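Undergrad: There's a structure below that I have some questions on.
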Amino acid sequence: MSHRKITRIKDIAEKAGTSKGTVDRVLHNRGRVAEEVKERVLKIIKELEYEPNLVARTLKSQKTYNFAALIPADSYDPYWSSPKDGVSKAGKELRPYGVQINFYKFNPHDVNSFIQRAKEVTKDQPEGILIAPVFHKEGLPFFEKWKAEGIPFVLINTQIEDVSPLSYIGQDSYRSGYLAGKLVSYGLSENSRSVLLAHINEDIPNSVHLQDKELGFTTFFKEDHLGAPHQVIRTEINASGSTELYAHMDRLLEQNPDIGAIYVTNSKAYELADYLVERKRTSIKLIGYDLLEKNIRHMKMDVIQFLINQNPHGQGYWGIQQLSNHLIFKKKIQPIRFLPLDIITKENLDYYLDPM
C-alpha cells in the first residue's frame, strides 16, 4: 500500500529556492516578502497540497481557552450527572490544547438560580459556552448578549429555534415523542382505550423540548395507527414527595380505569414505577427516558418496558468538542447534531451499561 508523503516547510523552501523563514512568513501572512517570491511559494504550496499541522501549531501556541458549562446541578436531578461526566471527559482530552472548563451549576427548579449563574458566566467572558437551556424565556436575553459579544454557545438537551447557537446537540424531541407513542401502542389490550402522558415536576410552559415531545406523542395517536381511537390523557404531576404523587395517581386512575400505558416525558419514570409496584398495578405499561440507576432497576423487574436513551453523556461530550472544533481547530460546525433515538429494553440493556 502506498502512502502519501507528508510535505514539510523544508520541502517547500527547497523547491522555491528560499529559506524556511520566508515560507513561514508567507504561510502566516506576516513580515515582508518580495511579491515574486511570495507568488512562487504559494504556487509550490498548491502543487504539493501542503496542509499545516494545526494540532502541532495549537500545542505550541500555549493559548488558554476557557469554556463555561452552564448546566443543572445533579444534586437536584441525577440525570445531569451524565452530561457533567461527558463535559469532564471532553475537557480532559482537550487539556493539552489549552482547554479549561468551569462549571456553573444551577437549581433546575429555581429560575433565579439559573439567572444568577448565567450572569456569572457573562461576567467571566469565556471563549465558549455550553448550556442546557431548561429555562427558555429567561435564557433568551443571555443568548442575545453572548451573540453581541461574539461568544459562541452550544445548546444541549433542548433545541430552541431562532437563537442562532453555534450548534445544538441532542435528540429531535418531536420524533422522540412520536416514537414513544409507537412504543406505547405495542401490545395494548382491548380494554385499554386510554394512554397517559405524564410530565413530572417540570415547568412545561417554559420547556420547549417537553412541549415537542407531547406534540409528537399526541400526533401519533391522532393519526389512528391502531385502527380504533385511543384517548390521550395528559397530566402534570408537581409533587414534593411520594405521598403527594401517589394521591395524584390514585385519583387519576380511579377516574380513568381504562388506562393501559403511561409515557413519562423525562427521566423520572422510576417515580411512577415505584407507585405501580406499591399499588400492584404493574400490568400498566410504562415508558420513559434514560439509564438512571432507579430506571434500570425497574426495567430489570419488568415494571418499565422501554427506555429511550437521550445519551446525556454524549450531549455534554460532543458539546465541548463542537466548541473546540470551532475555536481551536477551525472546523466547519454542523448547526444541528441529532443523537440517535436508542430504544432500550430489558433484553439489550446490558449493551448500554458498558463503561464509556
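Undergrad: Going by what's in this entry, would residue 250 be described as closer than 27 Å to residue 103 by Cβ and at pLDDT 95 or above?
TA: Working: closer than 27 Å to residue 103 by Cβ: no; at pLDDT 95 or above: yes.
No; evaluated as a whole, the condition is false for this residue.
Undergrad: Quickly run through region 315-355 and pick out the residues that are more than 24 Å from residue 98 (Cβ to Cβ) and assigned to a loop (DSSP other than H, G, I, E, B).
TA: Correct list: 335, 339, 340, 341, 345, 346, 347, 348, 353, 354, 355.
Undergrad: Quick check on this structure: which one of 108, 152, 126 is open to solvent by 10 Å² or more (accessible area, probe 1.4 Å), over 18 Å from the mean Cα position of the chain (by Cα) and on the phi < 0 side of the Ramachandran plot?
TA: Being open to solvent by 10 Å² or more (accessible area, probe 1.4 Å), over 18 Å from the mean Cα position of the chain (by Cα) and on the phi < 0 side of the Ramachandran plot holds for just one of 108, 152, 126, which is 126.
Undergrad: Another question, then. Out of the residues in region 225-266 that are touching a strand residue (DSSP E or B) at 6+ places or on another chain (Cβ under 7 Å) and acidic (Asp, Glu), which is farthest from residue 281 (Cα to Cα)?
TA: 236
Undergrad: Is it true that some residue in region 170-190 is crowded, with 21+ Cβ neighbours inside 10 Å, in contact with a helix residue (DSSP H, G or I) (Cβ under 7 Å, 6 or more places away or on another chain), under 20 Å from residue 73 (Cβ atoms) and not polar (S, T, N, Q)?
TA: There is at least one residue in region 170-190 that is crowded, with 21+ Cβ neighbours inside 10 Å, in contact with a helix residue (DSSP H, G or I) (Cβ under 7 Å, 6 or more places away or on another chain), under 20 Å from residue 73 (Cβ atoms) and not polar (S, T, N, Q).
Undergrad: Take the conditions at pLDDT 95 or above, closer than 27 Å to residue 155 by Cα and open to solvent by 50 Å² or more (accessible area, probe 1.4 Å) and apply them to residue 236. Does it pass? Step through it out loud before you land on a result.
TA: Values: at pLDDT 95 or above: yes; closer than 27 Å to residue 155 by Cα: yes; open to solvent by 50 Å² or more (accessible area, probe 1.4 Å): yes.
The answer is yes for residue 236.
One line per residue, one yes/no per condition, for (1) over 30 Å from residue 109 (Cβ atoms); (2) modelled with pLDDT of 75 or more:
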| residue | (1), (2) |
| --- | --- |
| 1 | yes, no |
| 23 | yes, yes |
| 30 | yes, no |
| 53 | yes, no |
| 69 | no, yes |
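Undergrad: If a residue has to be more than 28 Å from the chain's Cα centre (by Cα) and outside any helix (DSSP H, G or I) to count, how many in region 263-301 make the cut?
TA: 7
Undergrad: Go through region 106-129 and count every residue that is of a type in the set (D, E, K, R), in contact (Cβ under 8 Å) with a residue 24 or more places away in the chain and over 20 Å from residue 318 (Cβ atoms).
TA: Looking only at that region, the number is 2.
The values are calculated or read from the model by the stated rules, or taken from the named source; none is laboratory data. Small disclaimer: the values here were computed from a predicted structure and weren't measured. With ideal geometry, Cβ positions are generated from the backbone for all residues, glycine too; neighbour counts draw on all protein chains shown. With ligands, DNA and RNA removed, areas are computed over all heavy atoms of the protein, side chains included. Shrake-Rupley method; radii C 1.70, N 1.55, O 1.52, S 1.80 Å.
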